[in-house]
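Below is one structure, written out as structure tokens; the observations come after it.
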Amino acid sequence: MSLELNNLSILKQGSTIFDPVNLVIKPGEITTIMGPSGCGKSTLLSAVSGSLDKVFTLKGSILLYGSNMADISMEKRNIGILFQDDLLFPHMDIGSNLAFAIKEKTSRVQKSQIIDKALKTAGLEGFEKRDPSSLSGGQKARISLLRSLLAKPSALLLDEPFSKLDQTLKAKIRLFVFSQIKKMNIPALLVTHDPRDCPEGGMILNLNKEKG
């Protein structure tokens, strides 16, 4: 029960943009991808999520809990993504933003209970009716994570989600994000430039451009 990248490489105009990647990320584990700007970190996440641009060609395999993702569309992969920008819907209050992630078959009462519990977990109890513009950067980061997790993803991708936070807030949000991943027991792949973002004891992969 894991996320596996087997001999995964991505080509653009016939040239491989980084060395083949081999990873096994078990539930509750966070693997960090590091490397200089332009080495293909975000492109790798796009390949895993199923949103890889058509200018790229994918080689190798991506397995999620034993299922090959090759022919599965992004919408059906059930892989959550957390970006450095919060991407909250500005025309919706916080409760509606979170409700958007919950399965449609869930009743209104159940959704309300799920949202209340999630906000309490994040230390944001009573924020249902708040406007996204009224939130601080750290509060928006927590709401974005909650929205990603309420969709109950089978895996989570994190594309430099802490980069716009100051160091004090970054440390606090990191701990919250990592604890939620472990609590949900899902594999996670984190892209970052900052070594301080790497979870203690977690695997770190430096993405290198293929030579030649």
Subset tally (residues that are under 22 Å from the mean Cα position of the chain (by Cα), surrounded by 14 or more Cβ atoms within 10 Å (Cβ to Cβ) and among the hydrophobic types (A, V, I, L, M, F, W, C)) for region 1-16: 4
With respect to Lys140, determine if the residue is part of a helix (DSSP H, G or I) and closer than 17 Å to Ser2 by Cβ. no
Inside region 78-95, can you point out the residues that are surrounded by 14 or more Cβ atoms within 10 Å (Cβ to Cβ) and farther than 24 Å from Leu157 by Cβ? Asp93, Gly95
Do we have any residue at all in region 125-133 that's surrounded by fewer than 17 Cβ atoms within 10 Å (Cβ to Cβ) and in contact with a Leu (Cβ under 6 Å, 6 or more places away or on another chain)? yes
With respect to Leu190, determine if the residue is part of a loop (DSSP other than H, G, I, E, B) and touching a residue at least 24 places away in the same chain (Cβ under 8 Å). no
Of the conditions (1) surrounded by fewer than 17 Cβ atoms within 10 Å (Cβ to Cβ); (2) among the basic types (Lys, Arg); (3) touching a residue at least 24 places away in the same chain (Cβ under 8 Å), Lys170 satisfies every one except a single condition; which number is it? (1)
Mind listing just one residue for me: the one in region 94-125 that is within 14 Å of Leu146 (Cβ to Cβ) and outside any helix (DSSP H, G or I) and, of those, farthest from the chain's Cα centre (by Cα)? Glu125
Hey, can you tell me all the residues within region 20-69 that are more than 28 Å from Lys183 (Cα to Cα) and β-branched (Val, Ile, Thr)? Val55, Thr57
Of all the residues that make up region 30-39, how many are within 15 Å of Leu190 (Cβ to Cβ) and either of a type outside the set (A, V, I, L, M, F, W, C) or crowded, with 19+ Cβ neighbours inside 10 Å (or both)? 5
Looking at region 177-193, can you tell me whether even one residue there is surrounded by fewer than 17 Cβ atoms within 10 Å (Cβ to Cβ) and closer than 21 Å to Lys41 by Cβ? yes
Pairs only if they're at least six apart or on different chains, beta carbon under 6 angstrom, first in region 44-66 and closer than 12 Å to Arg77 by Cβ, second part of a helix (DSSP H, G or I) and among the basic types (Lys, Arg); list them, first residue then second. Gly50/Arg77
Among what's in region 134-153 and is crowded, with 17+ Cβ neighbours inside 10 Å and among the hydroxyl-bearing types (Ser, Thr, Tyr), pick the residue that is farthest from Asp85 (Cα to Cα). Ser148
Of the residues in region 79-107, those that are in contact with an Asp or Glu (Cβ under 8 Å, 6 or more places away or on another chain) and within 23 Å of Ser2 (Cα to Cα) come to Ile81, Leu82, Phe83
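Every number here is computed from the coordinates shown, using simple stated rules; none is lab data. From a predicted model like this one, the values you see are computed outputs, not experimental measurements. Don't worry about glycine lacking a Cβ; one is built from the backbone with ideal geometry, like all the others, and counts go over all protein chains shown.
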